[in-house]
Amino acid sequence: MSASEYERTPGIGDSVRHPEIGERLKRLWESEPGLRGWLTTVDHKKIGLRYIVTAFAFLVIGGIEALIFRLQLSWPNRHVLTPEQYDQLFSTHGMTMIFLYALPILSGFSNYLWPLVLGARDMALPRLNALSYWIYLFSGIFLYAAFIAGFGPNDGWFNYVPYAARAFNGGPNIDFYSLGMVLFGMSTTVGAINFVVTFLRMRAPGMSINRVPMITWGTVTANAGNLFAVPSVSLAFFMLWLDRNAGTHFFDVPGGGQPLLWQHLFWMFGHPWVYAIVLPAMGMVSEALPVFCRRPLVGYTAVALATVATMVLGFGVWVHHMFATGLPPIALSFFSAASIIIVVPSAVGVFAWIATIWLGKPVFATPFLFFAGFILLFTMGGVSGYMTGSLPVDWQLTDTYFVVAHLHYVLIGINVFPVVGATYYWFPKFTGKLMDERLGRWNFWTMFLGFNLGFFPMHVSGLLGMPRRIYTYADGMGWDWLNLITTVGGFVFATGVLLFLINVVISHRRGRPAGDNPWDSPSLEWATTSPPPPYNFAVIPTVASRYPLWEDRMPRSVRESATEAGLVLDHGREAVGTGPLDAQPDIILKMPSDTIVPFVLALMLTVLFVGLVLHWWWLAVLGLLGTGAAALVWLWPRAELGETAEAKSG
Amino acid sequence: MIFVVFTEGALFAYLLFSYYYLAVQPHTPGSFPEGGPPEFTLAAPNTIILLLSSAAVAWAQFGIEHGSKWRLVWGLGAGTLLGIVFLAVQYFEWAEKKFSLPSSTYSALYFVVTGFHMAHVLLGVLMLAALTLWSALGYFNRFRYAHVHIGALYWHFVDVVWLAVFFTFYVTPHLGLSA
């Protein structure tokens with residue numbers, strides 16, 4: 001076996017003059033039809049859409065939960081729900097929105113869009129991508145199976161001990177929550193690895209680090225952060241499970257443990273997580289907003305650096321969730337200062353977006369409305385966060401509805417509004433059809449007004465002293481009308497979301513045909529068809545600027561990017577690997593074909609967790625062995641992936 | 001795999017954070033570490049065994065880079081065996097302990113942290129065993145050995161983490177971190 005067999009100069013082709021290149025690639029990359037193809041596909045576009053649909057389903061479920069308990073809270077002394085039902089509903093609502101919706105929806109968009117905006121054929125690790133989705137789906141089912149059986153989490157989404165300890169919470173509720181979260185954490189972790197590797201390795205030749213599309217900056221930063229944050233919460237939940245099931249003493253004082261350890265571990269994860277579920281959404285806005293301002297983003301470098309700086313600082317502010325726990329003043333001062341300083345990098349984006357609108361020629365299409373609404377809501381949520389970063393204010397407001405208002409301004413403002421705007425923007429790429437613009441405006445204004453009507457009064461009820469997480473309240477506290485307004489606003493907001501879903505369904509059926517690039521956008525995903533073919537690009541694009549598709553209106557000297565002619569790579573499923581900084585092509589990557597193994601591995605892992613939660617140890621052992629067997633099959637060296645000595649030249 | 005190492009490294013950082021956090025809380029004298037600082041008798045030689053296994057695996061890696069398949073097979077095989085010896089010695093050390101998992105906060109930390117490490121060693125041993133088998137089947141040569149590199153990276157990581165665990169549990173009680 002000589003070295004030369006592994007070396008091959010890939011052919012250069014012109015996809016316009018030679019359409020048969022696309023035909024050949026289609027046969028190589030297309031998934032099988034039917035159930036088998038559905039379970040085995042590793043196509044990032046299919047996985048991305050599954051993520052999006054699943055996450056939206058969880059958004060709807062979590063929203064319905066919220067509407068039910070808003071009915072309970074709409075007026076004093078109501079009895080729509082019992083206290084236990086209320087506890088489970090608000091905890092499950094938090095779990096659903098923060099874990100099962102907020103990150104997966106962003107992973108869905110990134111999964112679908114990354115290879116397209118980077119000019120690649122797929123994510124770096126397609127099988128891992130499929131695994132990440134299946135574990136996410138199974139962990140969601142695992143958590144909801146418990147909820148449907150009446151054993152949903154009942155101690156809030158951050159699940160403080162001692163309420164979550166066996167002595168005060170005897171049912172299996174917290175066991176399901178704990179193990180479900182460990183399982184979900186695995187999905188997040190493998191997904192995060194995939195994003196980071198893809199960012200470093202899969203960019204089109206010439207797409208140097210200062211030319212990557214803004215959407216990737218948010219996602220890669222968030223996922224690099226997740227790699228370091230998620231182990232903390234998985235460990236905390238595992239320790240809690242041991243405390244509850246094996247009699248260990250990590251968190252109980254009589255046994256020598258310390259309840260505050262839970263809070264530390266939870267928030268060392270929790271605060272970076274907040275940035276993980278907003279930074280990718282901010283990246284989507286930085287990507288799409290300039291298209292509607294008809295100019296490049298103002299301050300690309302500043303926004304990219306600020307994104308990374310926010311994440312790094314985000315690891316140093318977790319104690320601001322614990323200001324009221326009696327920690328030493330020196331620690332509190334440090335974390336208060338850090339929480340206030342983090343406003344600086346967070347605000348860089350806001351000024352960049354405003355400047356982009358200011359200096360551009362805004363087109364007031366529906367996506368623009370959502371992005372502009374996002375800037376306003378982000379600013380309001382940022383200011384209330386800045387307020388609670390200050391110790392005396394936090395001591396006054398902690399555990400009140402003010403904090404509830406703040407976190408919803410942040411999460412709905414910075415996650416849901418950009419996501420809905422992004423759906424309007426990229427729906428044409430996903431389906432080849434435009435969404436309805438008139439319904440879109442109704443959709444925006446209903447959501448925007450309903451949201452502010454619902455959540456702004458929470459600031460006031462918080463200032464008036466209404467504690468969060470109470471299942472009802474006495475009349476005469478001055479909270480009655482505020483709560484009624486909040487409930488009405490909540491229903492208006494939900495109507496807005498319903499209009500959005502109706503628009504998606506109608507436009508999917510009979511939307512106007514979109515064409516390849518309906519918004520006249522500058523990035524590579526618009527260079528291919530809508531929807532894209534299974535192989536994304538017939539030839540690998542070459543990139544010479546930040547805005548490849550806008551080069552025709554730039555000075556002649558930058559007109560160098562190529563999307564019609566480039567590397568062909570058609571000896572099996574192949575992609576090109578490029579260097580992390582300059583994106584110089586250095587290797588032909590052999591990409592795996594469709595396989596059932598990720599599905600089986602995720603299923604076996606779930607069997608393991610079902611065995612653990614039910615104490616059916618034989619089942620847990622079965623799941624463990626199954627997981628190991630699937631991993632062995634997955635990793636067995638394969639000639640067609642160039643992993644073994646007998647590999648033929650690819 | 002380097003990112004798996006990063007995230008697993010973070011996991012152990014949080015485990016050891018938990019240890020130190022709980023170690024500095026007030027304890028009744030003699031209860032942290034429970035029964036006094038753990039003995040070096042088994043742990044010190046065992047540390048050397050683990051380091052030797054890393055050296056064996058590195059010897060195999062350099063071997064295949066120069067095209068030596070026998071060094072690859074024997075180095076990986078030796079690494080696997082030394083890993084198994086480490087697990088056996090750890091098992092004896094566990095069996096000797098006079099406390100069990102639910103005894104105290106210290107016992108929970110001891111068994112969970114070393115248990116997490118043993119689980120990683122076990123996973124590493126399984127990886128090395130698979131790599132030994134694949135090497136014996138002649139799957140790798142001096143151009144194609146990515147699997148070996150990836151598995152070895154994990155194994156070296158597991159060994160380095162042990163040094164942190166060893167320092168925390170066996171050395172710091174002598175440096176004043178005990179009640």
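Based on the Cβ-Cβ distance from A:Glu640 to B:Tyr91, what FRET efficiency comes out when R0 is 41 Å, to the nearest 0.05? The partial results should precede the final answer.
Values: r = 41 Å, r/R0 = 1.00.
Result of the calculation: an efficiency of 0.50.
Could you tally the net charge around A:Gly572, taking each other residue with its Cβ under 9 Å from the Cβ of A:Gly572, Lys/Arg +1 and Asp/Glu -1?
-1
Please report A:Glu287, B:Glu8, A:Glu84 as a ranked list, fewest other C-beta atoms within 10 angstrom at the top and most at the bottom. Kindly include the intermediate steps, with their values, before the conclusion.
Numbers: A:Glu287 25, B:Glu8 21, A:Glu84 14.
Fewest-to-most ranking of A:Glu287, B:Glu8, A:Glu84: A:Glu84, B:Glu8, A:Glu287.
I want to check the label-to-label distance for B:Val4 and A:Leu484. Put each point 7 Å from Cα in the C-beta direction and report it in nm to one decimal.
Taking the simple label geometry, B:Val4 and A:Leu484 are separated by 6.0 nm.
Can you tell me the length gained on complete extension of the stretch A:Ile587 to A:Ala302, counting 0.36 nm per residue apart and subtracting the Cα distance? It would help to have the intermediate numbers written out before the result.
Details: separation 285, 0.36 × 285 = 102.60 nm, distance 3.17 nm.
Working it through step by step, the gained length comes to 99.4 nm.
Given a cut-off of under 8 Å on Cα pairs at least six residues apart, what relative contact order in percent is computed for the stretch A:433-523?
On the way: 91 pairs, mean separation 48.1, N = 91.
This gives 53 percent for the stretch A:433-523.
I want to make sure I understand the PRE zone here: with the label point 7 angstrom from the Cα of A:Thr472 toward its beta carbon, which residues in the stretch A:79-116 have backbone N atoms less than 19 Å away?
A:79-91, by backbone N distance to the label point.
Counting alpha carbon pairs within less than 8 Å and at least 6 residues apart, what relative contact order, in whole percent, applies to chain A?
On the way: 1133 pairs, mean separation 131.4, N = 650.
The value is 20 percent.
I'd like the per residue volume of the convex hull spanned by the Cα atoms of the stretch A:499-650, given in cubic angstrom. Could the numbers behind the result be given before it?
On the way: hull volume 32.2 nm³, N = 152.
Convex hull volume per residue, Cα atoms: 212 Å³.
Run the quick spin-label model on A:Phe351 and B:Leu123: label points 7 Å from Cα toward the beta carbon, then report their separation in nm to one decimal.
For the pair A:Phe351/B:Leu123, the computed spacing is 4.4 nm.
Can you give me the pair-distance distribution of chain A, C-alpha pairs, 10 Å bins, whole percents?
Answer for chain A: a P(r) of 3, 15, 26, 27, 18, 9, 3, 0, 0 percent.
Between A:Ile148 and A:Arg27, 0.36 nm times their residue separation minus their Cα-Cα distance comes to what? Provide the component values of the computation, followed by the final result.
Values: separation 121, 0.36 × 121 = 43.56 nm, distance 4.35 nm.
Residue separation times 0.36 nm, minus the Cα-Cα distance, leaves 39.2 nm.
Between A:Gln396 and B:Tyr21, take the C-beta separation as r, use R0 = 35 Å, and let me know the FRET efficiency to the nearest 0.05.
On the way: r = 29 Å, r/R0 = 0.82.
Between A:Gln396 and B:Tyr21 the formula returns 0.75.
Can you put A:Phe448, A:Phe374, B:Phe17 in order of Cβ neighbours within 10 angstrom, beginning with the fewest?
On the way: A:Phe448 21, A:Phe374 27, B:Phe17 16.
Exposure proxy ranking, most exposed first: B:Phe17, A:Phe448, A:Phe374.
Tabulate in residue order the Karplus-calculated ³J(HN,Hα) for the stretch B:141-158, using 6.51 cos²θ - 1.76 cosθ + 1.60 with θ = phi - 60°, rounded to whole Hz; enter x for Gly and Pro.
9, 5, 9, 10, 8, 4, 4, 4, 4, 5, x, 5, 4, 5, 5, 4, 4, 4
Beyond 23 Å between alpha-carbons counts as too far, so tell me which of A:Lys46/A:Lys590; A:Lys45/A:Lys361; A:Lys45/A:Lys590; A:Lys361/A:Lys433 fall in that bin.
Table pairs above 23 Å Cα-Cα are A:Lys45/A:Lys361; A:Lys361/A:Lys433.
Need the C-alpha centroid separation for the stretch A:399-416 versus the stretch A:457-531, integer Å.
That distance is 13 Å.
Can you figure out the FRET efficiency of B:Thr28 with A:Tyr163, using R₀ = 30 Å and their beta-carbon distance, to the nearest 0.05?
Numbers: r = 27 Å, r/R0 = 0.89.
Plugging the Cβ-Cβ distance into 1/(1 + (r/R0)^6) gives 0.65.
Compute the projected area of the convex hull of the Cα atoms of the stretch A:597-641, averaged over all viewing directions, and report it in nm² to one decimal place. Provide the component values of the computation, followed by the final result.
On the way: hull surface 11.1 nm².
With the hull built on Cα positions only, its mean projection is 2.8 nm².
Cα axis of helix A:44-73 to longest principal axis of chain A: angle in degrees, 0 to 90, nearest 10?
Tilt relative to chain A: about 20 degrees.
Please compute the average number of Cβ atoms from other chains found within 10 Å of each residue's Cβ in peptide B:100-107.
5
Please compute the modelled spin-label separation between A:Asn210 and B:Ser100, points set 7 Å along Cα→Cβ, answer in nm with one decimal.
About 6.5 nm separates the two model spin labels.
Tell me, in nm to one decimal, what length is gained between A:Ile596 and A:Leu498 on full extension, where the rule is 0.36 nm per residue of separation less the Cα-Cα distance?
On the way: separation 98, 0.36 × 98 = 35.28 nm, distance 3.54 nm.
The span from A:Ile596 to A:Leu498 would gain 31.7 nm if fully extended.
Using a 10 Å cut-off around each Cβ, can you sort A:Ser545, A:Ser333, A:Ser107 from fewest to most neighbouring Cβ atoms?
On the way: A:Ser545 19, A:Ser333 11, A:Ser107 29.
Ascending Cβ contact count within 10 Å gives the list A:Ser333, A:Ser545, A:Ser107.
Given C-alpha coordinates of the stretch B:2-175, what is the ratio Rg to Rh with the Kirkwood estimate of Rh? Mind showing how you got there, number by number?
Numbers: Rg = 18.0 Å, Rh = 17.1 Å.
Looking at the stretch B:2-175, the ratio lands at 1.05.
Where a number appears in this text, it was derived from the coordinates with a stated rule and is not lab data. Here the structure is a predicted model, which means the values were calculated and not measured. Please note: Cβ atoms are built from the backbone with ideal geometry, for glycine as well, and neighbour counts cover all protein chains shown.
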